[in-house]
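So the structure is just underneath, and the comments pick up after that.
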Amino acid sequence: MRTQVGIVGGGPEGLLLARLLGRAGIECIALERRTPEYLRARIRAGLLEQGTVDILTQAGVGDRLARERLIHDGLEIAFDGKRHRIDLKALSGKVVTIYGQAEVQKDLMDAHDAMGTEIVYEADDVSLHGLTSDTPRLRYSKGGQTHEITCDFIAGCDGFHGVSRQAIPQDVVRIYERVYPFGWLGMLSDTTPVNHELIYTNHERGFALCTMRSLTRSRYYLQVSADEDVDDWSDDRFWTELRRRIPADAAAVLQTGPSLEKSVAPLRSFVAEPLRYGRLFLAGDSAHIVPPTGAKGLNLAVTDVRFLTEALVAFYKSGQSDLLDGYSDRCLARVWKAQRFSWWMTNLTHRFPEALPFERRAQGAELAYLVGSKAAQTALAENYVGLPLG
Ligand SMILES: Cc1cc2nc3c(=O)[nH]c(=O)nc-3n(C[C@H](O)[C@H](O)[C@H](O)COP(=O)(O)OP(=O)(O)OC[C@H]3O[C@@H](n4cnc5c(N)ncnc54)[C@H](O)[C@@H]3O)c2cc1C
């Protein structure tokens, strides 16, 4: 088999890349190890920057998003039992969109079904070969048979645990990493959200986040230990703990109900540099992970796809390779700003088990400064809504 761009991974990013390339007349094949049913049900991110909404719309998958999304003009930061609103729109001129990653995934899969894109689901044992040659290859097995695809380029969109990054020799990749001493226990439920905007709470028992996927579907998170067993958390225990952490006026109106999903996610900051090796280009979680506090993971992944699409289109349409050569640096400039913001938001809002009394007091001072300073709130707002592409 032969194609122009071989894509490893059929998550939101691999499918968005396939969609943008397909619409530009560039052939591609995507290999995904999971089933379509699994992908449609996978619960993850939920907050989209305007730049992400724009590119999804440009990819022709913005109709349902435009109809069903919730627009948020602000968010709340709570500490010492009090809530403080940050007016994102007034401070930055921009808003954010609430629309679940599972919905983005479904929209992309439906669009590909209609377009007839070649997506191989349940592709096992994917491996990458000849990356520094002009004809890199992807090998995989399906239904007991081994297949090989010869490509011009390979895009590694297979997430943090994928095979693409592992295919780069260790001596040419630099890893920067911070593993946090806690994780997030997330719960999804068909209940009315406790507030019409997000509430980030710093509490002595640990961080809590009240967010949502729609007007009738809530998503809540609790800071827990990194090795927490989700089976130790009954729905009752979750609701009781959430009530303890969020401000009393929010707890008083918290609607509870059975969980649709509960899971624990460890928190990590991670960057692998550079994002290119020969004819392999890494994008999204395969190259970088942020703690979800700043809601940047999916948004960063989408920006990588945007830059990679521009570079591939320039190559195929006019033989230009400067955008391919500059791809890694262009992505990393933005990735590191989002890394800094996500790390800062995590430090501001979480309780670190090893924190010295001095550090705890300094965190309190930083929170007080934030809610008392328009300059500090503006800095938060412009990062939260998404920095300019640059
Ligand atoms: C539990 C969890 C919760 C999250 N919550 C948030 C949040 O609230 N806000 C936020 O902004 N971000 C969040 N994120 C991050 C966000 O979901 C990711 O940044 C986003 O999914 C990145 O998209 P991606 O396509 O790069 O990677 P992924 O979504 O991980 O997609 C990679 C795809 O590659 C496939 N794959 C992996 N290995 C192989 C292989 N060997 N062969 C073939 N296919 C393979 C996988 O099955 C998957 O479909 C969360 C992530 C996780 C894991």
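A short reminder: the numbers here are calculations on the coordinates, not readings from a lab. In this text, all values refer to a predicted model and were calculated from it rather than measured experimentally. Because the Cβ atoms are built from the backbone with ideal geometry, glycine has one as well, and the counts that use them run over all protein chains shown.
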Determine which single condition ALA123 fails, assuming it passes every other condition in (1) away from the ligand (no atom under 11 Å from the Cβ); (2) in contact with a strand residue (DSSP E or B) (Cβ under 7 Å, 6 or more places away or on another chain); (3) hydrophobic (A, V, I, L, M, F, W, C).
(1)
Which condition number in (1) under 24 Å from GLY81 (Cα atoms); (2) free of Cβ contacts under 8 Å to residues at least 60 places away in the same chain is the one that HIS203 fails?
(2)
If LEU323 meets every condition in (1) of a type in the set (A, V, I, L, M, F, W, C); (2) in contact (Cβ under 8 Å) with a residue 24 or more places away in the chain; (3) more than 16 Å from the ligand (Cβ to nearest atom) apart from one, which number is that one?
(2)
When only residues in the stretch 9-53 that are acidic (Asp, Glu) and more than 9 Å from the ligand (Cβ to nearest atom) count, which is nearest to GLU261 (Cα to Cα)?
GLU37
I need the full set of residues from the stretch 334-368 which are of a type in the set (D, E, K, R) and either over 20 Å from GLU177 (Cβ atoms) or in contact (Cβ under 8 Å) with a residue 60 or more places away in the chain (or both), in order please.
ARG351, GLU354, GLU359, ARG360, ARG361, GLU366
Qualifying positions in the stretch 82-120 - within 12 Å of the ligand (Cβ to nearest atom) and within 29 Å of LEU280 (Cβ to Cβ)
GLN101, ALA102, VAL104, GLN105, LEU108, MET109, ILE119, VAL120
Quick one: how many residues across the stretch 152-175 are outside any strand (DSSP E or B), touching a helix residue (DSSP H, G or I) at 6+ places or on another chain (Cβ under 8 Å) and away from the ligand (no atom under 14 Å from the Cβ)?
1
For a quick check of your reading: which strands (runs of 3 or more DSSP E) sit entirely within the stretch 208-273 and have at least 3 residues that are under 20 Å from HIS72 (Cβ atoms) and in contact with a Lys or Arg (Cβ under 9 Å, 6 or more places away or on another chain)?
208-212
Of the residues in the stretch 236-280 that are under 30 Å from SER328 (Cβ atoms) and among the hydroxyl-bearing types (Ser, Thr, Tyr), the one that is nearest to the ligand (Cβ to nearest atom) is SER269
For VAL371: the one exception among (1) exposed (fewer than 12 other Cβ atoms within 10 Å of the Cβ); (2) touching a strand residue (DSSP E or B) at 6+ places or on another chain (Cβ under 9 Å); (3) closer than 29 Å to GLU49 by Cβ
(1)
Please determine whether any residue of the stretch 370-389 is at positive phi, in contact with a helix residue (DSSP H, G or I) (Cβ under 6 Å, 6 or more places away or on another chain) and not in a helix (DSSP H, G or I).
yes
Positions within the stretch 281-319 being buried (at least 24 other Cβ atoms within 10 Å of the Cβ), more than 8 Å from the ligand (Cβ to nearest atom) and outside any helix (DSSP H, G or I), in sequence order:
PHE281, LEU282, ALA287, HIS288, PRO291
Scan the stretch 102-151 for residues that are in contact (Cβ under 8 Å) with a residue 60 or more places away in the chain, assigned to a strand (DSSP E or B) and of a type in the set (Val, Ile, Thr) and jot them down.
ILE119, VAL120, VAL126, ILE149, THR150
What are the pairs, 6+ residues apart or on separate chains, where a residue within the stretch 10-28 that is under 14 Å from PHE281 (Cβ atoms) and of a type outside the set (A, V, I, L, M) has its Cβ under 8 Å from a residue that is assigned to a loop (DSSP other than H, G, I, E, B) and more than 16 Å from the ligand (Cβ to nearest atom)?
CYS28/GLN4
